[in-house]
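Chemist: Structure provided below as structure tokens; questions to follow.
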Amino acid sequence: MNSVHLAASCAVWLAIGSTALAAPYLDRSLSIEQRVDELLSRLTLEEKVSLLHANSKFTVPGIPRLGIPERWLDDGPFGVREDIGPHEWKNAGRTDDFSTAMPAGIALASTWDPDLAVEEGRAIGEEAVHRNKHMMLGPAINIMRTPVCGRNFEYFGEDPFLCARLAVGYIRGMQTQDVAGCVKHYAVNNQEWERLTTDTQVDERTLREIYLPGFRAAVQEGGVWAVMAAYNRFRGQFCCHNDYLLNQVLKKEWGFRGLVVSDWGGVHDTSEAALHGLDLEMGTEEGRSYEEYYLARDYLAGLKSGAFPSAGLDEKVRRNLRVMFATGLIDGRRPGSFNTPAHQEIARRVAEEGMVLLKNEGRALPLDASSLRSIAIIGENATRLQANGGGSAIIKPLYEISPLEGILRRVGSEVTITHAAGYRTAPSDKPQPTAAELTQLADRAVAAARAADVVVFVGGLNHDRGLDCEGVDRADLSLPAGQSTLIQRLAAANPRLVVVLVAGAPVEMGEWLQQVPAVLMAWYGGMEAGNAVARLLFGDVSPSGKLPCTFPKRLADSPAHALGTYPGKDGVVRYDEGLLVGYRWFDTREIAPEFPFGHGLSYSRFEYSNLCLSSAADGCGAVVTFDLANTGAVEAAEIAQVYVCDPQSSLPRPAQELKGFAKVRLAPGAKQTISVALGADAFAFYDPAQKAWIAEAGAFAIRVGSSSRDVRLEGGFHLTQTATLP
Ligand code: BGC
């Protein structure tokens, strides 16, 4: 593929001849802005418009006479998707597009490791270059407003601070490879139910504090080159041509200089698309020719008639050209790499560090292979491959290690492994298993469980429609196909039962949790999932993942469901819970979750001590210092979390908010002093009246802990100066 790509671009260079080679826009010693201006001046009106819309499912035309090749975009976000199209939603049938499949976004979020996000972003960037993609459609960072959203598995959970840290890391890593990241879906696209039309009504403060911080950080800290506008409406106007979101906030306020691309098929109107900040139109409904796209023939006609200003066109083209230069489209790129052992290693590390040990009573885990004769592995997800599912985030992986395979590889030569499916799921449009079939499957599994020393149940959800899948939300938080009953039967048959859940979002566990000593949340672990599961179960590595979202006891406890504001009414969703999303709701309303935000156990123990809170040197923030010691017997990483509480404020605030964290790996017996800086922004709320962030002078409480509800240290801090931040 590489050599083909290089050969193709050489051909382009030769074809453009000596005059074009001398053109200033080809001069790499000039700045990108100079080159953009120069190239812009050479384009005809028609050529300019041609750069603003697709010419296949994932490409945008080039301008051959100027040596500008076609641009390639691709999904995203867990690897480089197989080639699609060109003109239909079906795979292109290539055999060279099996790629590295990273774990789902929720798993990356559970690592709480922005450096690992950099590594993942870089690895995907390298694969994108190899596959000749210039823009990857990720990261996907919509906040988990409801646990039933079908795309929660793609996103980074419920907290804007954590989400922002990971997004910035991922983007920075990816863009080192001359591949544009494309953060999506901007904005308030928090449910799949009627996602194409829903009108989201959210107050300004909530918008700023909960739903926009990830995007803002992606732009201002990550330097992301592209933003994908969402399908839904926001305050009545489609996000793909929403003047407030795109022109006012993203471009004017935040200074975004890259391009806004529509979600596929998210454009509905030429005039709004022309005037409200869209720069690139993709995926408009099938059946339309590319010339019939909203930013094609009709836009051109409007420009010619004077209905649309030419300055607006130049602005859009400039943004496209900037990204084209930044991604080496015109200069050529380094070779990239594909499916390397290093990439596979990153996939395994993300899987391993993202899995969350939810419960471990009586040290049920880790398992000691040398003292076991037999293990019964039960469950459909023990063998089911997951990477190639879920909607646009599907990956055609080079390989995928299932949990059963991972366990067999790890202990198969020492321990007798039996497997029984125990249950069977079926997509909602296929015949469902009958009660008799489920009973028979369960009976066999219970018999296998009874005969084994230890039982590992690997269940949860999958990417079938109606579960963790784009385009549709879950109906509830239950485990499908009678798993809840099955787990209880397994627990009765053999108390040494470990439950491994493969899912991309919270599930209800109340019916069986008390009967099970150990639960590992494995998420979707990508191509190395099974190896990661095995390494954690057998203690090769200690679990270190922490939940990036609250697991409620029941769906009705979650804010949007408690208030009845999901899925909305008459096409409108009102975010009446305001700021109280996720743990902000549970903590402020004092509702006990099943597992709180930030929760995750280890095979070791950590002691926190010596909290010291001092003013930052500039007086506009705090420095939080404490000691962290590994007092257990194994090396392990702890994610120490810093929450800020503002008991007296001129505007009401959630009970506590995450504003810092540190992931620290310690050998047994080791101790380290940790320092977390809290800038003025960590104390600020958004005041819609002043259109600014305000850090009010006064008393705050700072909590340091192992989860949002496992606070180990707490101290008071006095912010001496009020600060107003943009
Ligand atoms: C999804 C996007 C995706 C695009 C292209 C849309 O349906 O919402 O996330 O990038 O398709 O596949």
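Chemist: So which pairs qualify, if the first residue must be in segment 193-221 and within 15 Å of the ligand (Cβ to nearest atom), the second must be in a helix (DSSP H, G or I) and open to solvent by 60 Å² or more (accessible area, probe 1.4 Å), the Cβ gap must be under 8 Å, and the two must be at least 6 apart or on different chains?
Modeler: none
Chemist: Okay, next question. With respect to T176, is the statement that it is surrounded by 23 or more Cβ atoms within 10 Å (Cβ to Cβ) and either at pLDDT 95 or above or within 15 Å of the ligand (Cβ to nearest atom) (or both) true? Reasoning before the result, please.
Modeler: Working: surrounded by 23 or more Cβ atoms within 10 Å (Cβ to Cβ): no; either at pLDDT 95 or above or within 15 Å of the ligand (Cβ to nearest atom) (or both): yes.
So T176 fails the test.
Chemist: Now for a different question. Could you tell me whether segment 277-287 includes any residue that is surrounded by 17 or more Cβ atoms within 10 Å (Cβ to Cβ), more than 13 Å from the ligand (Cβ to nearest atom) and not charged (D, E, K, R)?
Modeler: There is at least one residue in segment 277-287 that is surrounded by 17 or more Cβ atoms within 10 Å (Cβ to Cβ), more than 13 Å from the ligand (Cβ to nearest atom) and not charged (D, E, K, R).
Chemist: Sticking with this one: Tell me which of these E577 doesn't satisfy, since it passes every other one: (1) within 30 Å of W193 (Cβ to Cβ); (2) in contact with an Asp or Glu (Cβ under 8 Å, 6 or more places away or on another chain).
Modeler: (2)
Chemist: Filter the strands (runs of 3 or more DSSP E) completely within segment 190-270 down to those with at least 1 residues that are modelled with pLDDT of 95 or more and either hydroxyl-bearing (S, T, Y) or surrounded by fewer than 24 Cβ atoms within 10 Å (Cβ to Cβ) (or both). Working first, answer last.
Modeler: Working: elements: 199-201, 226-229, 259-262.
In segment 190-270, the matching strands (runs of 3 or more DSSP E) lie at 199-201, 259-262.
Chemist: Does E285 satisfy the condition of being closer than 29 Å to T146 by Cα, out of contact with any helix residue (DSSP H, G or I) (no Cβ under 9 Å at 6 or more places or on another chain) and charged (D, E, K, R)? Quick ask: steps written out before the conclusion?
Modeler: Working: closer than 29 Å to T146 by Cα: yes; out of contact with any helix residue (DSSP H, G or I) (no Cβ under 9 Å at 6 or more places or on another chain): yes; charged (D, E, K, R): yes.
Taking the combined requirement at face value, the residue satisfies it.
Chemist: Then there's this: Scan segment 51-73 for residues that are touching a Pro at 6+ places or on another chain (Cβ under 8 Å), more than 15 Å from the ligand (Cβ to nearest atom) and closer than 16 Å to L329 by Cα and jot them down.
Modeler: L51, G62, E70 - these are the residues of segment 51-73 that are touching a Pro at 6+ places or on another chain (Cβ under 8 Å), more than 15 Å from the ligand (Cβ to nearest atom) and closer than 16 Å to L329 by Cα.
Chemist: Now, a different point. How many residues, within segment 301-358, are within 30 Å of L513 (Cα to Cα), touching a helix residue (DSSP H, G or I) at 6+ places or on another chain (Cβ under 6 Å) and open to solvent by 10 Å² or more (accessible area, probe 1.4 Å)? Walk me through it before giving the result.
Modeler: Within segment 301-358, the subset within 30 Å of L513 (Cα to Cα) is 347-358.
Applying the additional criterion that residues be touching a helix residue (DSSP H, G or I) at 6+ places or on another chain (Cβ under 6 Å) yields 347-348, 350-356.
Then drop every residue that is not open to solvent by 10 Å² or more (accessible area, probe 1.4 Å), which leaves 348, 352-353.
Total satisfying the criteria: 3.
Chemist: I'd like to know if segment 453-471 contains one or more residues that are of a type in the set (F, W, Y) and touching a strand residue (DSSP E or B) at 6+ places or on another chain (Cβ under 7 Å). Walk me through how you get there before you give the answer.
Modeler: Filtering segment 453-471 for residues of a type in the set (F, W, Y) gives 457.
Restricting the remaining residues to those that are touching a strand residue (DSSP E or B) at 6+ places or on another chain (Cβ under 7 Å) gives 457.
Yes - at least one qualifying residue is present in segment 453-471.
Chemist: Wholly within segment 631-695, which strands (runs of 3 or more DSSP E) include no fewer than the required count, namely at least 2 residues that are among the small types (G, A, S) and under 28 Å from the mean Cα position of the chain (by Cα)?
Modeler: Values: elements: 636-645, 657-666, 671-678, 685-687, 692-695.
Per the criteria, 636-645, 657-666, 671-678.
Chemist: Determine whether segment 622-630 contains at least one residue that is among the hydroxyl-bearing types (S, T, Y) and not in a strand (DSSP E or B). Even if it seems obvious, please write down each step before you answer.
Modeler: Residues of segment 622-630 among the hydroxyl-bearing types (S, T, Y): 625.
Within this subset, residues satisfying the condition of being not in a strand (DSSP E or B) are none.
No.
Chemist: Could I ask something else about it? I'd like the full set of residues that are away from the ligand (no atom under 15 Å from the Cβ) and either more than 27 Å from the chain's Cα centre (by Cα) or of a type outside the set (F, W, Y) (or both), limited to segment 255-267.
Modeler: Quick first cut of segment 255-267, residues away from the ligand (no atom under 15 Å from the Cβ) only: 255-258.
Once the filter is applied, which keeps residues that are away from the ligand (no atom under 15 Å from the Cβ) and either more than 27 Å from the chain's Cα centre (by Cα) or of a type outside the set (F, W, Y) (or both), segment 255-267 yields G255, R257, G258.
Chemist: Follow-up question, since we're still on this one. With respect to the numbered conditions (1) open to solvent by 10 Å² or more (accessible area, probe 1.4 Å); (2) under 24 Å from A529 (Cα atoms), which one is the sole condition not fulfilled by A117?
Modeler: A117 satisfies every listed condition except (1).
Chemist: Continuing with this model, one more query. Mind checking which residues of segment 581-599 are crowded, with 22+ Cβ neighbours inside 10 Å and over 11 Å from R709 (Cα atoms)?
Modeler: V581, G582, R584, W585
Chemist: Quick check on segment 475-498. Is at least one of its residues within 16 Å of the ligand (Cβ to nearest atom) and either more than 24 Å from R363 (Cβ to Cβ) or in a loop (DSSP other than H, G, I, E, B) (or both)? Steps first, answer last, please.
Modeler: Here is the first cut: in segment 475-498, the ones within 16 Å of the ligand (Cβ to nearest atom) are none.
No, the conditions are met nowhere in segment 475-498.
Chemist: So which residues in segment 104-154 are in a loop (DSSP other than H, G, I, E, B), under 23 Å from Y583 (Cα atoms) and more than 13 Å from the ligand (Cβ to nearest atom)?
Modeler: A104, W112, D113, I143, M144, R145, T146, P147, V148
Chemist: For E405, state whether it is under 29 Å from the mean Cα position of the chain (by Cα) and either open to solvent by less than 60 Å² (accessible area, probe 1.4 Å) or within 16 Å of the ligand (Cβ to nearest atom) (or both).
Modeler: On the way: under 29 Å from the mean Cα position of the chain (by Cα): yes; either open to solvent by less than 60 Å² (accessible area, probe 1.4 Å) or within 16 Å of the ligand (Cβ to nearest atom) (or both): no.
For E405, the condition - under 29 Å from the mean Cα position of the chain (by Cα) and either open to solvent by less than 60 Å² (accessible area, probe 1.4 Å) or within 16 Å of the ligand (Cβ to nearest atom) (or both) - is not met.
Chemist: Identify, please: which residue in segment 408-440 is in a helix (DSSP H, G or I), open to solvent by 30 Å² or more (accessible area, probe 1.4 Å) and among the hydrophobic types (A, V, I, L, M, F, W, C) and is, among those, nearest to D368 (Cα to Cα)? First the steps, then the outcome.
Modeler: We begin by selecting, within segment 408-440, every residue in a helix (DSSP H, G or I); these are 408-411, 435-440.
Of the ones still in play, those that are also open to solvent by 30 Å² or more (accessible area, probe 1.4 Å) are 408-410, 435-440.
Among the residues that remain, those that are also among the hydrophobic types (A, V, I, L, M, F, W, C) are: 408, 435-436, 438.
Values: L408: 14, A435: 36, A436: 36, L438: 32 Å.
For segment 408-440, the residue satisfying everything is L408.
Chemist: Quick check, is V711 in contact with a Gly (Cβ under 7 Å, 6 or more places away or on another chain), touching a residue at least 40 places away in the same chain (Cβ under 8 Å) and not in a loop (DSSP other than H, G, I, E, B)? I'd like the intermediate steps shown before the answer.
Modeler: Working: in contact with a Gly (Cβ under 7 Å, 6 or more places away or on another chain): yes; touching a residue at least 40 places away in the same chain (Cβ under 8 Å): yes; not in a loop (DSSP other than H, G, I, E, B): yes.
Judged against the criteria, V711 is a match.
Chemist: Mind listing whichever residues of segment 372-402 are within 16 Å of the ligand (Cβ to nearest atom) and of a type in the set (K, R)?
Modeler: Residue satisfying the conditions is K396 alone.
Chemist: Here's something else I'd like to know. Being in contact with a strand residue (DSSP E or B) (Cβ under 6 Å, 6 or more places away or on another chain) and modelled with pLDDT under 95 narrows it down to one of G76, G62, G93, so name that one. Break it down stepwise before answering.
Modeler: Numbers: G62 fails: modelled with pLDDT under 95; G93 fails: in contact with a strand residue (DSSP E or B) (Cβ under 6 Å, 6 or more places away or on another chain).
Residue meeting the stated conditions: G76.
Chemist: Of the numbered conditions (1) in a loop (DSSP other than H, G, I, E, B); (2) in contact with a Ser or Thr (Cβ under 8 Å, 6 or more places away or on another chain); (3) more than 16 Å from the ligand (Cβ to nearest atom); (4) under 27 Å from A230 (Cβ atoms), F338 fails exactly one; give the number of that condition.
Modeler: Evaluating F338 over (1) in a loop (DSSP other than H, G, I, E, B); (2) in contact with a Ser or Thr (Cβ under 8 Å, 6 or more places away or on another chain); (3) more than 16 Å from the ligand (Cβ to nearest atom); (4) under 27 Å from A230 (Cβ atoms) leaves (4) as the failure.
The values are calculated or read from the model by the stated rules, or taken from the named source; none is laboratory data. None of the values given here were measured: they were computed from a predicted structure. When we count neighbours, we look across all protein chains shown, and the Cβ atoms used for this are built from the backbone with ideal geometry, even at glycine. When the accessible area is computed, the model is the full protein with side chains, heavy atoms only, and any ligands, DNA or RNA have been set aside. Shrake-Rupley method; radii C 1.70, N 1.55, O 1.52, S 1.80 Å.
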